[in-house]
1. Given 0.36 nm per residue, what is the gain on full extension from Gln25 to Ser61 after removing their alpha carbon distance, in nm?
2. Of the trypsin sites (Lys or Arg not before Pro) in segment 142-209, which ones lie in a loop per DSSP and count no more than 14 other C-beta atoms within 10 Å?
3. Based on the mean of other Cβ atoms within 10 Å per residue, sort peptides 127-133, 100-106 so the most packed one is first.
4. Give the Debye-formula value of log10 I(q)/I(0) at each listed q (0.11, 0.18 Å⁻¹), with one equal scatterer per alpha carbon of segment 39-163, two decimals each.
5. Cβ under 10 Å from Ala143's Cβ, Ala143 left aside: what net charge do those residues give with Lys, Arg +1 and Asp, Glu -1?
6. How would you rank 17-24, 59-66, highest first, on the average number of other Cβ atoms within 10 Å across their residues?
7. Count neighbours as other Cβ atoms within 10 Å of each site's Cβ, and list the chymotrypsin sites (Phe, Trp or Tyr not before Pro) in segment 178-209 that are DSSP loop with at most 14 such neighbours.
8. In nanometres, what is the gap between the two model label sites at Glu105 and Arg54, each 7 Å from Cα along Cα-to-Cβ?
Amino acid sequence: QQDISDSVFSIVTPDPLSQDVDMLQCLVGTVRDSSIVSFLRNPGTYPYTVDSIRITGPSASMFTMVSGFPPFEVPAGTEKPVEFRFQPTSIGTKVAQVLIYVNGEIIRQNLRGEGIAPQLSVVNSIIDFGKIIVGTQKDTLRALTIKNIGTVPLLITSTYHAGPNATDFSTRSGGGSFTLAPNTSAELDLRFSATKQFRTSGRLLFDYN
């Protein structure tokens, strides 16, 4: 008698998933970084290996990877973050492709971002109150701060002071929320109240639409 047992087997392939990336709007000449937490996902039951990631396409030079460089393994049921950088050099929509090499295959995802023209410029990067006696105050009236260099009115949603010293400096008038017409500058009345004997500085910040 002879008995031949049946061998049952199956070939299981990994299940890599990814997604397109939209870097949204970014001022021309500046940088926007975005970490895509679930850029690579593995919903399957077996790990897969990412051998390399390459950016190509018409605007590839404006997109780079910041972190999450391959090679690396994506275990089953996990996800892998990858951080991208967008640095537009001109106005308009920029597109590129991300080529992800996984186990000898290529996954293609789209990269997108929009370069927009700067709308604000800083008129005075430093407003110097000079030297004053501790316990006294000094005001700077109608200090030129920012200018609308765009072609449409700009809504300043808030004006506030920040560190390193956010308490000794204050805005007496002209701050808060206001609309800045094209080619005009914001003039603020500012105050410095000296509380200690040392050199100090703070920042004047504007939030806008």
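1. This chain segment gains 11.3 nm when fully extended.
2. Lys196, Arg199
3. By packing density, highest mean first, the sequence is 100-106, 127-133.
4. The computed values of log10 I(q)/I(0) come out as -0.66, -1.01.
5. With Lys, Arg at +1 and Asp, Glu at -1, the net is -2.
6. By packing density, highest mean first, the sequence is 59-66, 17-24.
7. Loop-located and lightly packed - Phe198.
8. Once both label points are built, they end up 1.9 nm from each other.
The values are calculated or read from the model by the stated rules, or taken from the named source; none is laboratory data. Because the structure is predicted, anything quoted here is derived from the model rather than measured. Neighbour counts run over all protein chains shown; Cβ positions are idealised from the backbone, glycine included. Calculation scope for accessible area: heavy atoms of the full protein, side chains included, ligands and nucleic acids excluded. Shrake-Rupley method; radii C 1.70, N 1.55, O 1.52, S 1.80 Å.
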